[in-house]
Amino acid sequence: MLTSITEGILCCLTGKSANVVVPIESSEPSDGYEFVEVKPGRVLRVRHIVPERGPVPEEELSAPEPGRGGRVHCKRKITVYRNGQLVIENLGDVVRSEILHCQNGNTEPSSTVEVELSDYNSAATSALAPEPKAAAATAATPGPQRRRRRKPKRTVAIDCERKISSCKGTHADVALFFIHGVGGSLDIWGSQLDFFSRLGYEVIAPDLAGHGASSAPQIAAAYTFYALAEDMRALFKRYARRRNILIGHSYGVSFCTFLAHEYPEQVHKVVMINGGGPTALEPSLCSIFNLPTCVLHCLSPCLAWSFLKAGFARQGAKEKQLLKEGNAFNVSSFVLRAMMSGQYWPEGDEVYHAELTVPILLVHGMHDKFVPIEEDQRMAEILLIAFLKVIDEGSHMVMMECPETVNTLLHEFFLWEPDLPPSESPPSQDNTPPLDNTSPPTTDKNPPPPESQKQNK
């Protein structure tokens, strides 16, 4: 899903000795910290902050969701051909033309998109949907007979209806999950956890295995994508409420995507921060992280400097201090090597992402040298309901560099809900304004339209 190989540089920032991580006993279970055994001998540190509320009656939890909200009917057909061509057809009710309006008020009906999976660069530009009339003309123009007779390799039909409503911190049925990437820890979310917990949200942020204060098994199989995904599944099932919002950074975006695909009825919204394109995970055979762990440890000063230059828009004392706070980036060379070689997830391809029907906010730091903006633009094209926000002052670690901006964007997205048709509008209009009515002053001066979605709708 992302250029995760470069993300592994995170682990070498503190220069710890090889195969040493902070022992789990060193962190006291205070200030909302818990230790959860997801499997025998596999213990993860979790920061779980629950706002002070009285007991919530069962009938209130099962009552209709507060706020006006809106029901979105998603009908889509995805066809994959043997030559790698991906065809996306939006059928029937269209999300964008009926509910999600652009800033200028224009809307577009359904359209058909054809892209070549074998050529990523050309696909990123050729996936733009034609205008409705042009699309009809293209469909009516007879093409080569050989192409018309092709048989699809795989066809996926999506026909579902879901309700999207405002998620306020005062709602007892809302939970926020924050998932970090390779080499990080839950401490990189410090500003976000404090901000949203003060607003009354229930927040959950785990340390991945081998990271932060979680246990670090000394077997490589413990750090494959599937092993880590099962850890996240266990935590999700333990802490999930009726409406859950997943926030992932870099490699953590893959686990958010996995959970949103596995639990579409429970996942209400998703935030992807510098997650990259919708491509299947596959470890690189020619990578510096395939070197022995002792060699990686010796190279840690060079890798630390490289990450500081590529992961942050500025390289000052503030950025260096951010990297040293808490347990963030305190990962052993063994864990790093196992994490990088275990990133194998062939199911997470473009079709997998195109099947998602949950609203998704994409946040990208303009100066990110690890994940090009073209990858997040490609992700916005493939996803059904997607918003792309670009922060001009940020880089790969944008939530640490620009915490106020990121917190504002996330909060607006949590409070966003689709517009209802006039006939269904409730009498009271004192609800929180939708996302497109607000624009953080600290975002870049010329970003993509805040509510612009991929043009293949």
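Quick notes
- Given Lys77/Lys369; Lys39/Lys168; Lys163/Lys237; Lys77/Lys163; Lys75/Lys151, the pairs whose alpha carbons are separated by over 28 Å: Lys77/Lys369; Lys39/Lys168
- Taking packing as the residue-averaged number of other Cβ atoms within 10 angstrom, the listed peptides 211-223, 152-164, 178-190 run from highest to lowest as 178-190, 211-223, 152-164.
- Peptide packing for 270-282, 254-266 was compared via the average number of neighbouring C-beta atoms within 10 Å per residue; ordered from the highest value, the list is 270-282, 254-266.
- Scanning residues 5 or more positions from Ala386 or on other chains, those with amide H under 5 Å from its amide H are Ile360, Lys454, with H placed 1.01 Å from N in the peptide plane.
- Per-residue ³J(HN,Hα) for the stretch 230-237, Karplus 6.51 cos²θ - 1.76 cosθ + 1.60, θ = phi - 60°, Hz, x for Gly and Pro: 5, 4, 5, 5, 4, 5, 5, 5
- For Gly348, the residues whose amide H sits under 5 Å from its own are Leu281, ignoring neighbours fewer than 5 places away on the same chain, with H placed 1.01 Å from N.
- Scalar couplings 3J(HN,Hα) for the stretch 384-391, obtained by applying the Karplus form with A = 6.51, B = -1.76, C = 1.60 to θ = phi - 60°, are 6, 10, 9, 10, 10, 10, 10, 9 Hz; x denotes Gly and Pro.
- Among 194-201, 241-248, the order from most to least packed when residues are scored by Cβ within 10 Å on average: 241-248, 194-201
- Extending 7 Å from the Cα toward the beta-carbon at both Asp392 and Arg242 defines two label points whose distance is 4.3 nm.
Bear in mind these aren't lab numbers, they're just calculated from the coordinates by the rules spelled out. In this text the structure is predicted, and so the values were computed from the model without any measurement. Methodologically, a virtual Cβ is constructed for each residue, glycine included, from the backbone with ideal geometry; neighbour enumeration extends over all protein chains shown.
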